[in-house]
Every structure is written in structure tokens, then in C-alpha cells.
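The values are calculated or read from the model by the stated rules, or taken from the named source; none is laboratory data. Given the structure is predicted, the values throughout are model-derived calculations rather than measurements. Using ideal geometry, Cβ is built from the backbone for each residue, glycine included, and neighbour counts are taken over all protein chains shown.
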Amino acid sequence: MVQPQSHPDNANYALEKLRELLRAGGFGVDGKLPTERDLAERLGVGRRAVRQALEVLEAEGEVWRRQGAGTFLGQKPDALSADVGAIVAGTDFMEIMEVRLRIEPQLAQLAALRARAPELVRMRELARKIRESDDADARELWDGALHRQIAQSARNQLFLSIFDLINHVRQDEAWQAIRERARNGDAVKMAYAQHEDIIDAIAARDPARAAETMRRHLLMLQERLIRETSHDGQDAAMPPTGEPVLA
């Protein structure tokens with residue numbers, strides 16, 4: 001068997017070969033790479049060259065490293081993402097709505113100041129997709145996309161990160177089941193109209209009206225959720241019926 005040529009100090013060579021390994025894949029379900037020693041032996045280079053190459057790949061977001069655990073494919077997960085499951089499990093719909101009512105009107109307000117023309121076109125397209133979707137799951141998907149587009153147009157990364165956490169909770173099956181129960185024809189028609197009002201206010205560069213229309217939109221949802229989950233004294237664990245609320 002031919003032994004690999006030794007390139008003990010060539011970090012560029014190590015980087016090239018590591019890129020080939022990453023493209024080939026096959027690192028297991030957890031995406032964990034072999035140890036630096038194993039990689040050095042496989043590539044025929046020194047551990048220093050491997051370490052330098054891994055530093056480059058980490059800076060590029062191709063791998064991430066955790067002290068004492070090793071090197072893994074992809075970008076390092078943040079602590080918040082790791083805790084999302086626990087947050088979902090410990091959150092009820094009233095807490096979600098309390099946070100949405102304080103965050104999303106501010107996002108709409110900022111979007112009215114900062115949204116660009118192509119983003120306004122995208123908002124109207126998403127609102128149209130919500131109206132025209134025959135499938136409840138598709139409407140839910142487009143509804144979430146519209147609210148996220150508004151959040152993106154606010155151009156505040158911290159606000160967007162908070163919104164994404166809330167949106168992740170919204171996608172939980174238990175939360176969606178509660179939303180399904182609160183939906184009826186009148187509520188959907190009103191939600192369609194409110195979406196248009198929000199977009200119109202953003203397009204008009206009217207931050208106060210954008211915030212207020214978003215607030216009214218969310219208050220309508222909150223009211224219906226309270227009404228449905230308290231119906232006949234039953235709690236939020238009641239089995240779902242109907243289709244998703246749009247909000």
C-alpha cells in the first residue's frame with residue numbers, strides 16, 4: 001500500500017485536503033470530525049498544519065469546535081437555539097401573545113421607516129399567497145413568512161433574533177393546535193384586511209399607524225384565543241378543530 005506523501009508544515013495542503021473530506025461527508029449523524037491526530041495521520045501532515053486549517057474552516061463557518069468535545073460540521077449552534085425546546089415546553093399561548101404584542105408593533109413601526117421597495121412588493125405578494133391558499137398548512141406558512149418579512153424590513157438584528165425565537169414557538173404543534181381552534185371565516189376575512197392595512201401603513205411611511213394596525217391585528221388574535229381556550233371552562237389542552245388562525 002502506498003503511504004501518503006508527508007507535508008508536515010503545509011497548512012495550505014491540509015486545508016485543501018480537509019475541504020475534500022468535508023465535501024465527501026461521511027462523518028456520522030452528529031457531524032463530528034476525526035481528531036486532529038487522526039486527521040494528521042490520514043492527510044500525512046503535522047497536527048499544527050491541521051489545527052491551522054481547521055481555524056480557517058471555523059472562521060468560514062464550515063466547522064465549529066467545542067473544548068473537550070471535538071470538531072463538528074457546520075456553524076456553532078448558539079445557546080439560545082439549544083434551549084428552544086425547553087422554552088417551548090415551558091411557554092403558554094398567553095405568554096407568546098404578550099411578547100408578540102410588545103415586539104411586533106415596534107417591528108412594524110421600524111419597517112415603516114426602513115422598508116425598501118422590493119420588500120413592500122414581497123409583503124404584498126405574501127399577503128396574496130395567504131388569501132389564495134386553499135391548504136391550511138400553506139396559509140400558516142405564508143402568514144409566518146409575511147410577519148417575518150416585516151421583521152426583516154425593520155433592520156434590527158437583535159429584534160429579528162427575538163422574533164425568530166417567537167416564530168419557532170409559533171411553529172410548535174401545541175401552539176398551532178390552539179390557533180386552529182380560534183379560526184373561523186369572519187376572523188380570517190378580518191385578518192386578511194388587517195394584513196393589507198399593515199402593509200399600506202408601512203408603504204405610506206407612517207410608523208405610528210403601522211404599529212397601531214399591527215397591535216390591533218394581534219389583539220384580535222389574542223381575544224379569540226382567550227375566548228376559545230376558555231370555552232366551557234376547558235383549558236388549552238383541548239383537542240384542535242378547524243383551520244389555523246392567521247396572525
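Given the conditions (1) in contact with a helix residue (DSSP H, G or I) (Cβ under 6 Å, 6 or more places away or on another chain); (2) charged (D, E, K, R); (3) closer than 18 Å to ALA187 by Cβ, and given that GLU140 satisfies all but one, which numbered condition is not satisfied?
(1)
Go through segment 56-71 and report how many residues are among the charged types (D, E, K, R) and in contact with a helix residue (DSSP H, G or I) (Cβ under 9 Å, 6 or more places away or on another chain).
To start, the set of residues in segment 56-71 that are among the charged types (D, E, K, R) comprises 58, 60, 62, 65-66.
Cutting the leftovers down to in contact with a helix residue (DSSP H, G or I) (Cβ under 9 Å, 6 or more places away or on another chain) gives us 62, 65.
Selection size over segment 56-71: 2.
For residues that are touching a Leu at 6+ places or on another chain (Cβ under 8 Å) and either part of a strand (DSSP E or B) or surrounded by fewer than 13 Cβ atoms within 10 Å (Cβ to Cβ) (or both), tally how many sit in segment 54-63.
Here the count works out to 1.
Return the residues of segment 121-130 that are at pLDDT 95 or above and within 18 Å of LEU160 (Cβ to Cβ); say none if nothing qualifies.
MET123
Listed here are the residues, each with its yes/no results for (1) touching a residue at least 12 places away in the same chain (Cβ under 8 Å); (2) among the β-branched types (Val, Ile, Thr); (3) touching a helix residue (DSSP H, G or I) at 6+ places or on another chain (Cβ under 7 Å); (4) on the phi < 0 side of the Ramachandran plot.
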| site | (1), (2), (3), (4) |
| --- | --- |
| ALA112 | yes, no, yes, yes |
| ARG116 | yes, no, no, yes |
| GLU119 | yes, no, yes, yes |
| ILE130 | yes, yes, yes, yes |
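Just need a number here: residues in segment 39-94 that are of a type in the set (D, E, K, R), modelled with pLDDT of 85 or more and either in the same structural domain as ASN167 (by TED's automatic domain parsing) or in contact with a strand residue (DSSP E or B) (Cβ under 8 Å, 6 or more places away or on another chain) (or both).
Number of matching residues: 2.
From the residues in segment 224-233 that are crowded, with 17+ Cβ neighbours inside 10 Å and out of contact with any Asp or Glu (no Cβ under 9 Å at 6 or more places or on another chain), which one is modelled with the highest pLDDT?
If we filter segment 224-233 for residues that are crowded, with 17+ Cβ neighbours inside 10 Å, which is where we start, we get 224-225, 228-229.
Subset that is out of contact with any Asp or Glu (no Cβ under 9 Å at 6 or more places or on another chain): 224-225, 228.
Details: ARG224: 83, LEU225: 80, GLU228: 72.
Going through the qualifying residues, I end up with ARG224.
This table checks each residue for (1) assigned to a helix (DSSP H, G or I); (2) assigned by TED's automatic domain parsing to the domain that holds MET94; (3) at pLDDT below 95.
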residue	(1), (2), (3)
ILE162	yes, yes, yes
ILE166	yes, yes, yes
TYR192	yes, yes, yes
ARG209	yes, yes, no
ARG215	yes, yes, no
GLN222	yes, yes, yes
ALA247	no, no, yes
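Taking the residues in segment 4-27 that are closer than 16 Å to GLN75 by Cα and at pLDDT below 85 as candidates, determine which candidate is surrounded by the most Cβ atoms within 10 Å (Cβ to Cβ).
Filtering segment 4-27 for residues that are closer than 16 Å to GLN75 by Cα and at pLDDT below 85, the one surrounded by the most Cβ atoms within 10 Å (Cβ to Cβ) comes out as PHE27.
Please determine whether any residue of segment 144-153 is at pLDDT below 90, buried (at least 16 other Cβ atoms within 10 Å of the Cβ), within 20 Å of ARG102 (Cβ to Cβ) and under 16 Å from the mean Cα position of the chain (by Cα). Before the answer, list the steps.
Within segment 144-153, the subset at pLDDT below 90 is 144-145.
Applying the additional criterion that residues be buried (at least 16 other Cβ atoms within 10 Å of the Cβ) yields 144-145.
Filter once more, so that each one left must be within 20 Å of ARG102 (Cβ to Cβ): 144.
Those left that are additionally under 16 Å from the mean Cα position of the chain (by Cα): 144.
Taking every residue of segment 144-153 in turn, at least one turns out to be at pLDDT below 90, buried (at least 16 other Cβ atoms within 10 Å of the Cβ), within 20 Å of ARG102 (Cβ to Cβ) and under 16 Å from the mean Cα position of the chain (by Cα).
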